[in-house]
1. Condition test on ASN102, is it within 29 Å of VAL282 (Cβ to Cβ) and in a loop (DSSP other than H, G, I, E, B)?
2. Across the range 156-173, what is the number of residues that are within 16 Å of the ligand (Cβ to nearest atom) and either farther than 18 Å from PHE217 by Cα or open to solvent by 30 Å² or more (accessible area, probe 1.4 Å) (or both)?
3. Under 7 Å between Cβ atoms, which residue pairs at least 6 apart in sequence (or on different chains) link something in the range 234-257 that is over 18 Å from GLY79 (Cα atoms) with a partner that is of a type in the set (Val, Ile, Thr)?
4. Please go through the range 311-330 and give me each residue that is open to solvent by 60 Å² or more (accessible area, probe 1.4 Å) and closer than 17 Å to HIS341 by Cβ, ordered by number.
5. Going through the range 31-88 one residue at a time, which ones are outside any helix (DSSP H, G or I), in contact (Cβ under 8 Å) with a residue 12 or more places away in the chain and either on the phi > 0 side of the Ramachandran plot or open to solvent by 40 Å² or more (accessible area, probe 1.4 Å) (or both)?
6. Within the range 122-150, how many residues are part of a loop (DSSP other than H, G, I, E, B) and among the charged types (D, E, K, R)?
7. Under 6 Å by Cβ, and 6 or more places apart or on different chains, what pairs join a residue from the range 322-337 that is closer than 22 Å to ARG399 by Cβ with one that is of a type in the set (D, E, K, R) and open to solvent by 60 Å² or more (accessible area, probe 1.4 Å)?
8. Kindly evaluate GLY228 against the criterion of being open to solvent by less than 50 Å² (accessible area, probe 1.4 Å) and in contact with a strand residue (DSSP E or B) (Cβ under 6 Å, 6 or more places away or on another chain).
Amino acid sequence: MSDWSRAALEALDESDPLASFRAAFQLREGLIYLDGNSLGALPRRTTARLERAVAQEWGEGLITSWLGADWMNAPRRVGDKIGRLLGAAPGEVIVADSTSINLFKAMTAALSLRPERSVILSETGNFPTDLYMMQGIAAFSGGRVRAEAVPGDMVLDRLGEDIAVLLLTQVHYKTGRSRDMAEVTRRAHEVGALVVWDLSHSAGAIPVDLNAAHADFAVGCGYKFLNGGPGAPAYIFAAQRHQAAAVPVLSGWFGHAEPFAFEDLYRAAEGIERFLCGTPSVLGLTALECGVDLMAEADMAAVRAKSLQLGRVFMDLMDELCGGHGFTLVSPREDVQRGSHVSYAHPEGYGIMQALKERGVIGDFRDPDVLRFGLTPLYLRHVDMLEAVLAIREVCETRAWDDPRWAVRAAVT
Ligand SMILES: *Cc1c(COP(=O)(O)O)cnc(C)c1O
C-alpha cells in the first residue's frame, strides 16, 4: 500500500498554498484535466478581458488603440513579464509569432554569431518542429549549414569546434526528462558553441533562470503552462550581450529601428525588438497576458514543489493500483530529472487514452505508445491523481480500450 489514501490526499489539498488558484480557471465539474502541458486551461479573467479588447479597444478605439490601448508595446510588455518567470532581464524577451518561427529566428541569429562554424546539433527524438526547422535552415543554406541529431545521451560528447548551435528542449515533450540548463550551457560554451533552449515545457512549469545559466537564446510556447489560449503567440529570449550583433534574418518591418519611418532599407532595432517580424497578434497577446499575469501571482517554488508532489503521488498510485496492467514508466522517477508531466508507455496506449477521455480524464497520446499526463499545479488537486488512476484501472480491468471506434487514430491525439 502507498501512503496515499483519499483522506491523506484531501489533507494535502487542504494545506495546499496554491489551492485558491483553481477557482481562477474555468473547468467543468468532474473533469480531471491532465493536458495543461499541451493546452492550458482558460483563466476566467481572460473571458472578460478579451470581451473588452474586442468590443472596446477594437470596436470603439479602432486604429487609435495601437497607442490608446498600448497595443504597440504589448510584445515587449508581455515579454518582460514572461522574462520574470524565466530569470531574464527586462528587454531580453519579446512575444511574437509561433515557437517554430522563433526557433528559426534564434538559430539563424546564433549562426550569424558563429559564421566560421557550420553545424546545428540537436538530439534525436526532440520535438519534431525543432528538428524540422533545423533541417529547413540547413536545406536553405546551400551547404553552409549542416543539421545533425544524435541520441540525447550522446549530445555532450558530440560537442566540438565545428558546432555553431546546440538546440535542445529543456523538458522533453515525451518523457518529461529535464536537462540541467546551466551545466549543458557551460559545456557548450567550453567549445565555443551557442545554445538555443526550447522552454515550451519549462515556462510556468519549473523554475528557470536563464541568466544564471548564462543562456544565449531561448524560445517557448504561450499556450501550454502559461495558459495563453489555443495558438497563443510564443516568445523569444536573446541575452543582452548578443543582441547588437545577432542578425535578424526575418527582417520584417516591426523589427526595424523605426517601423513608421517607412524606409526602403532595413535597419534592425537596437534591442530585443529586432526579433519582431510583422504586426503582432493583439488578441492573442491580450489572452496570453492574462495567463502570464495569473502565473506571476503564484510562487514558483510552491509550483515546483506541488508539481513534484503530484508526480510522486501519481507514480506511486500507478504502481499500487495499475501495477499488473502493462504500463512502463518512461519519465524519470528522480525529482531533479523530472519536469511537470509523467508519461507511461503501453501497447494499447491510444485506446486507453480515448476511453479515459470518455470518462472525463483528459491526457494525451504521443506516438508510438506513450500516454502523457500533464501535472499543472495551479488547477489540479492531489485527490485528482487518485481519481485519474482509478479511472485508468477501470479502463484496463474492463478492457474499455478495446473498441473498434479507436482502430483509426484521430487527426489530433
Ligand atoms: C509544443 C512545442 C512546440 C510547438 O511549436 P508551435 O510552433 O507552437 O507549434 C515546439 N517545441 C516544443 C518542445 C514543444 O513542446
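The values are calculated or read from the model by the stated rules, or taken from the named source; none is laboratory data. If you're wondering where the values come from, they're calculated on a predicted model, not measured in any experiment. Glycine also receives a Cβ, built like all others from the backbone with ideal geometry; neighbour counts cover every protein chain displayed. Areas reflect the complete protein model, heavy atoms only, side chains present, ligands, DNA and RNA absent. Shrake-Rupley method; radii C 1.70, N 1.55, O 1.52, S 1.80 Å.
1. No: the conditions fail for ASN102.
2. 1
3. Once the first residue is over 18 Å from GLY79 (Cα atoms) and sits in the range 234-257, its partners that are of a type in the set (Val, Ile, Thr) give VAL249/THR108.
4. Those that are open to solvent by 60 Å² or more (accessible area, probe 1.4 Å) and closer than 17 Å to HIS341 by Cβ: ARG312, THR328.
5. LEU39, LEU42, GLY87
6. 1
7. If the second residue must be of a type in the set (D, E, K, R) and open to solvent by 60 Å² or more (accessible area, probe 1.4 Å), the pairs left are CYS322/ARG393.
8. It is false that GLY228 is open to solvent by less than 50 Å² (accessible area, probe 1.4 Å) and in contact with a strand residue (DSSP E or B) (Cβ under 6 Å, 6 or more places away or on another chain).
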